[in-house]
Structures are given as C-alpha cells and as structure tokens.
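The block underneath contains the structure these notes are about, expressed in structure tokens.
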Amino acid sequence: MSFQKAKIILDTDPGGDDSFAFLWLMSLAKQGFAEIVAVTSVDGNVHAQLTFTASAKLLTLGGCGDVEVGRGIIGGSDSDDVEDAGSIHGADGMGNLSHTLPEPTQTYEAARYSDEILIEKLKAAPGEITIVAIAPLTNLAAAEQKSPGVLNLAKEIVIMGGAFEAPGNITPEAEFNIAYDPEAAKLVFDTCNNLILIPLDVTRRLVLTPLMVETIGQAKPDSDIAQFMISLCQFMTGTALAFRETEGESGFLVHDAATLAYLFYPETLGFQRAKVWVETQGEWTRGKTLFDRRNKAKVGANTWVAMEVDRVNLLAVMAEDLKLIL
Ligand code: BDR
Ligand code: CA
C-alpha cells in the first residue's frame, strides 16, 4: 500500500491555539506526512490584517515561508454582535509576541484573497485536498458563493467549531468560530457532504500546560520556536485562567490542534454521524450548533462530529511531534 501525504489548506485566524496547530502541522510536514498547499487567513480572533501577518510569520518561523498566504474576506456576516477575541489571544492574536518573530516576505497588500486561493486549489486537484478550518467559516462560504459546489471538491473539511452538549464559550450557547459568522457556518453545513467537526465538547478537555510546553522546549532549549512556544503558553494560560476556561487548571485550551489529531491520530477521538444545524435566528442561541440526538435514522447526515476524546494520548502525540519542529 503506497503512502500518500495529506495535502492541506489551513484556514486560520491566529490565535494562540491556531499558532500551536500551525507548529504541529509544520512538524508533520517536515516529517513527510503532510504538504501545506496554502494558508488562507481570515478575520476572527483579531482583524484580518493581523491574522494574515501572524500566518506569514509563523510559516517563516517554521521554515515554510514559501507557502502562499491568502488575505481574509471581511464582513462575511451582517452580524456585529460577537466581538473579536483579542482579549484572550492578545492584541496581535499571538500573545503580543508577534514582534519577536521573523519578518515575512509576503505582504497583506499584495496577497490574493483567501476565497480565490481556495477555489483555484480545489478545482486544480478535485478530491485531493483537505481543508483544515480553525476559524470563522467566512472564507469557505465566500468561495462557495462565488463558485457553487467548490467545497465538495475537497477530500474532507475538518472544522474546529460548535458546541452540542457543552456550553458555549463566546455566549452561553455558542462557540466562537460559529458565532462570529453564523450565516457562513450555516451555508457550509447546509451545502457540504464531506465534513468533520471537532466541537467544544471535545476541545474544552484539551488543556496544554506550561509544564508540558517547557518539557517540549527541553528537546532544544536554544531554539527560537521553543522560546516562542513557552512565552505564548504563559500568555495564553494567564487569559485562560482569567476567563475561567480550564476549570482552574493552569494551562490553556488547544482547540484548533484537535483537527490535526483527527487527520493523523484518529484513534484519539470518537465520533457520531449527524446532520448539523446552525441556529441563526435565536435571541439567545444565535450561532449554536445542534443535531438530532434521538435514536432516529440519520436523514441527510453530512458530518462526523467528535464527541469523545482520549485527552492524555492526544496531548502526548502533539507534544512528541512539536519536539520535532524545534
Ligand atoms: C475557537 O475560537 C478561537 O478563539 C480559537 O482560536 C478557536 O479556533 C475556539 O472556540
Ligand atoms: Ca482559531
């Protein structure tokens, strides 16, 4: 049986947890398991210009500076009711550490828009590319609106987002990536037949601690990436505790990294098959995700939803891979 590298487009809004997912993905690419086809940045945790710069800097840091970064579509939703998450991730989305990272050669002004890149790459390689979407789904929805059917050309779309039995994190019921642009999310969940969803039900259990990150860093203490990871973890731990995200445990939630666990270590997750709906109207529930949990035939099911996680082993494989990017 021949081994095929996973061809991945990362749709992202760095983001402390996006940054750790980024580093993990670059480690997997370095090990020969993945090819990063493009990065499509998007407005979300912080403004689109900042998520573009953060993406380009992270790629440069990880030795992948030649990967194209797209600039995000702004204003995909008519909603202004969810603010960005700079209070959690830092004003630059990276724990205010952006200035410590190498300057990229790519510029926001000269970059192509993310939806254009998605359309071009998916059409050029139908059925081959996996989209790892760890941010609001604005870019994906824009691509689908411009080129209907294009998202179903992806091999799979692995999304971090939503909350089912777990409470929300940006409102009592809704998770940030979905609530930031619920119309975009609804379009994706109503259109696609190739979806994997990793919701808060799983990711709220993934606490990465300063001790774990220091242990990773000990593999090569002088490395710039190790220093960046340790400082970013310290910052994120501070805000995670302030926002009571970890039930008092010292550490922060690596939501976005769980998408890579599905692709490379699927034994760490357990799934249910479902048709996922996105609430766009509710006064208190806008941006909530739900599916029919009654014991009925799964009519129209289009999504595998992760509802169980082996948190110890997921964090362990992530830590081991992160050592290999240092
Ligand atoms: C999601 O929201 C963002 O703040 C994180 O980066 C993650 O993608 C978690 O709800
Ligand atoms: Ca994110």
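Step by step: first the residues of the stretch 243-290, then only those that are outside any loop (DSSP other than H, G, I, E, B) and of a type in the set (S, T, N, Q), then the one that is nearest to Ser231 (Cα to Cα). Which residue is that? Selected residue: Thr259.
Per-residue answers, yes or no, for (1) over 23 Å from Val82 (Cα atoms); (2) within 19 Å of the chain's Cα centre (by Cα); (3) surrounded by fewer than 24 Cβ atoms within 10 Å (Cβ to Cβ):
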site: Glu120; (1), (2), (3): yes, no, yes
site: Ala125; (1), (2), (3): yes, no, yes
site: Ile131; (1), (2), (3): yes, yes, no
site: Ile134; (1), (2), (3): no, yes, no
site: Leu137; (1), (2), (3): no, yes, no
site: Ala141; (1), (2), (3): no, yes, yes
site: Val150; (1), (2), (3): yes, no, yes
site: Ala154; (1), (2), (3): yes, yes, no
site: Ile159; (1), (2), (3): no, yes, no
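Scanning the stretch 205-255 for residues that are surrounded by fewer than 21 Cβ atoms within 10 Å (Cβ to Cβ), of a type in the set (A, V, I, L, M) and touching a His at 6+ places or on another chain (Cβ under 9 Å) yields a total of 0.
Condition check ((1) hydroxyl-bearing (Ser, Thr, Tyr); (2) touching a residue at least 40 places away in the same chain (Cβ under 8 Å)) across all residues:
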position	(1), (2)
Gly248	no, no
Gly251	no, yes
Tyr265	yes, yes
Trp284	no, yes
Val309	no, yes
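Set side by side, the residues Gly287, Gly282 differ, and just one is surrounded by 14 or more Cβ atoms within 10 Å (Cβ to Cβ) and either of a type in the set (Gly, Ala, Ser) or over 21 Å from the mean Cα position of the chain (by Cα) (or both), which is Gly287.
Test Arg293 against the criterion of being at positive phi and either crowded, with 22+ Cβ neighbours inside 10 Å or assigned to a loop (DSSP other than H, G, I, E, B) (or both), and give yes or no. It is false that Arg293 is at positive phi and either crowded, with 22+ Cβ neighbours inside 10 Å or assigned to a loop (DSSP other than H, G, I, E, B) (or both). Scoring Gly44 on the criteria (1) away from ligand 2 (no atom under 14 Å from the Cβ); (2) closer than 24 Å to Thr239 by Cα; (3) in contact with a Pro (Cβ under 6 Å, 6 or more places away or on another chain) leaves a single failure, condition (1). Every listed requirement among (1) outside any helix (DSSP H, G or I); (2) within 20 Å of Thr12 (Cβ to Cβ); (3) of a type in the set (Gly, Ala, Ser) is met by Ala301 save one, (2). Of all the listed residues (Thr107, Thr100), the sole one being polar (S, T, N, Q) and under 19 Å from Val39 (Cβ atoms) is Thr107. For the stretch 163-209: of the residues being touching a Phe, Trp or Tyr at 6+ places or on another chain (Cβ under 9 Å), part of a helix (DSSP H, G or I) and not hydrophobic (A, V, I, L, M, F, W, C), which is nearest to Val46 (Cα to Cα)? My answer is Lys186. Here is a check on your reading of the model: is Ala29 out of contact with any helix residue (DSSP H, G or I) (no Cβ under 7 Å at 6 or more places or on another chain) and under 25 Å from Leu253 (Cβ atoms)? Answer is yes for this residue.
Read-outs throughout are calculated quantities, based only on the coordinates presented, and are distinct from any laboratory measurement. The structure presented is a predicted model; accordingly, all values stated were derived computationally and were not measured. Using ideal geometry, Cβ is built from the backbone for each residue, glycine included, and neighbour counts are taken over all protein chains shown.
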